[in-house]
Amino acid sequence: MVHYNRRASASDVAYQHIKEKIIKLEYAPNTHLVEELLSKEVEVSRTPLRQALYRLELERLVIKQPNGRMIVAPITIKEAEDVFKVREVLEGLIAKEATHKLTERDFHALEDVLVLMEASAKTKRKEDLVKYGAEFHKVLQKASANEVATHFLKQLESRIARYRRISSYANPSYEPEAVLQEHRQILTLLQLKQADQVEEAMRAHIRRSLRSTIETLELHAENEFSEFKS
């Protein structure tokens, strides 16, 4: 049963529910999305459901076929490369511009997130490590005050989350300690105010994430990703 927030519209509820299922791979790539079944599952009428599907289509998590039917967007190496190459440039720029703008409070926030990441890495809690890693990046986005870069990055957010999940959960070679070390290095360079090095460290972090994603996609066929739901 889907639980409603009283302030959320039916369309918002449907959107969040379906989006989470897609990102978590509970709706596998290329799965047909049947409105009647979704309407019953999410407990909303067809109109707000269609509004939600349209929003997901704009984010390219859902694709409308020529016959009008909706499917979950496929997962491909080409898309992963395109998304992460753009992400690398944007995240690198944001980190560089945040370097001389971070406040004492921002540094405390980054340090606190790193502590949570360390605990997650030690206990092999991949989902928490991914979640806290995303929070680390969000602190830098806010501090950078680059609204344009942040806006474009936000447009890719859902697809980034989907591939990030694949590279961490479905990759048997995923090393939490390596991810943690990359964030430690970025924080150290931020503290030293070395903007150019911060940018390169962030870009290297994204490139490593892309390599992990491609490696995973090469190891597993799309219809096998359901094994890695959590």
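The values are calculated or read from the model by the stated rules, or taken from the named source; none is laboratory data. All values derive from a computational prediction rather than experimental measurement. Heavy atoms of the whole protein, side chains included, go into the accessibility calculation; ligands, DNA and RNA do not. Shrake-Rupley method; radii C 1.70, N 1.55, O 1.52, S 1.80 Å.
Things worth noting here:
- Debye equation applied to the C-alpha atoms of region 107-148, log10 I(q)/I(0) at 0.34 Å⁻¹: -1.10
- Normalised by residue count, the chain yields a Cα convex hull volume of 137 Å³ per residue.
- Solvent exposure of the chain as accessible area per residue, Å², 1.4 Å probe: 53 Å²
- Gained length - Q16 relative to Q185, 0.36 nm times residue gap less alpha-carbon distance: 57.5 nm
- Between N67 and S173, the contour length at 0.36 nm per residue exceeds the alpha carbon distance by 34.1 nm.
- Surface composition of the chain: carbon and sulfur atoms hold 52% of the protein heavy-atom accessible area at a 1.4 Å probe.
- C-alpha center-to-center spacing [region 55-105, region 141-212] in angstrom: 13 Å
- Exceedance of the 29 Å cut-off in Cα-Cα distance is limited, within the set K78/K101; K21/K101; K85/K193, to K78/K101; K21/K101.
- Normalised by the number of residues in the chain, the average gap of Cα pairs under 8 Å and 6 or more apart makes the relative contact order 27 percent.
- For the chain, calculated [θ]222 nm from helices alone, where every DSSP H run of n ≥ 4 adds -39500 (n - 2.57): -22500 deg cm²/dmol
- Anisotropy class of region 103-205 from Cα gyration tensor, a/c 1.5 cut: oblate
- Largest first, the extents of the alpha carbon coordinates of region 42-152 on the three principal axes equal 54, 34, 31 Å.
- Amide hydrogen proximity for I75: with H placed 1.01 Å from N in the peptide plane, no residue at 5 or more positions away or on another chain lies under 5 Å.
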